[in-house]
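The values are calculated or read from the model by the stated rules, or taken from the named source; none is laboratory data. What you are looking at is a predicted structure, and each value in this text was computed from that prediction instead of being measured. Virtual Cβ from ideal backbone geometry, glycine too; neighbours counted across all protein chains shown.
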Amino acid sequence: MKRTLVRRAALAGAALSALLAIAACSGNDMSGMDHGGDSPTVSSSASAAATFNDADVMFAQMMIPHHQQAVAMADLAPTRASDPELKDLAAKIKAAQDPEITTMKGWLTAWGKPTAAPSGHSMPEMSSAPGHNMPGMGSPTPGGSGMPGMMSDKEMADLQAAQGVEFDKMFAQMMIAHHNGAIEMAKTEQAQGSNPDAKALAAKIASDQEAEVQTLQKILDRL
């Protein structure tokens, strides 16, 4: 009996070692493997690294600066907005998107990919200082290679200079356009991505921001 248990333990250890070796040598994209039997207790970081494709990488690399600009816009609201509901929504946008930025950076690190998209696929890096003009932030590039909904330098400067009702109207208009761009990116990830965590976040972003667009439009209509 004891020898049988030892033999079973040895076989189990050998099988685990073989699986780890296969995973280590399989490369970046394991989308062809069946992950349906994965344990639900697997950590999100482990499942995030399990399978991904180019669409997942591009989604994370582009959504990070897109979220960062939305957070920078939201950071202006406490000292410039006059509408209480808009101030509250701006705080919610920041609270939702800051953790998502951290999550996506974690995925890219796990995938062995840079957090910034290669040149030609994304906008130049924006300033990390919230509430400041962000160099390199222009309109989306032709052909769909840029990020839809991103604000230009001038638009961000104009928003930063506005106060009161003028700020409220400008913020609502700009954030609606910004959110619609994020929704477009999220739907592309849902259609083309392979990583389950990235697709789940894309679905959440689309759902959350569609609801926020409706709220922003209601605020804009009564201003």
- From MET58, MET73, MET63, which residue is touching a residue at least 12 places away in the same chain (Cβ under 8 Å) and farther than 27 Å from LYS218 by Cα? MET58
- Could you say which residue among ALA46, ALA60, ALA55 is hydrophobic (A, V, I, L, M, F, W, C), at pLDDT below 95 and over 19 Å from ILE176 (Cα atoms)? ALA46
- Task: Read through the list (1) out of contact with any Phe, Trp or Tyr (no Cβ under 9 Å at 6 or more places or on another chain); (2) in contact (Cβ under 8 Å) with a residue 12 or more places away in the chain, then give the number of the only condition that LEU201 fails.
- Result: (1)
- Item | Cβ-Cβ under 6 Å pairs, at least 6 apart or on other chains, the stretch 84-108 side over 23 Å from GLN217 (Cα atoms), far side of a type in the set (S, T, N, Q) | LYS105/THR115; LEU108/THR115
- Task: Might you check whether a residue that is buried (at least 23 other Cβ atoms within 10 Å of the Cβ) and in a helix (DSSP H, G or I) occurs anywhere in the stretch 106-118?
- Result: yes
- Selection within the stretch 201-223 - surrounded by fewer than 15 Cβ atoms within 10 Å (Cβ to Cβ) and within 13 Å of the chain's Cα centre (by Cα): ALA203, LYS204
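Here is a yes/no grid of residues against (1) free of Cβ contacts under 8 Å to residues at least 40 places away in the same chain; (2) among the polar types (S, T, N, Q); (3) crowded, with 17+ Cβ neighbours inside 10 Å; (4) out of contact with any Lys or Arg (no Cβ under 8 Å at 6 or more places or on another chain):
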{"position": "ALA157", "(1), (2), (3), (4)": "yes, no, no, yes"}
{"position": "GLY164", "(1), (2), (3), (4)": "no, no, no, no"}
{"position": "ALA182", "(1), (2), (3), (4)": "no, no, yes, yes"}
{"position": "ALA191", "(1), (2), (3), (4)": "yes, no, no, yes"}
- Message: Just to be sure before I move on: is PRO99 modelled with pLDDT under 95 and surrounded by fewer than 19 Cβ atoms within 10 Å (Cβ to Cβ) in the structure I sent?
- Response: no
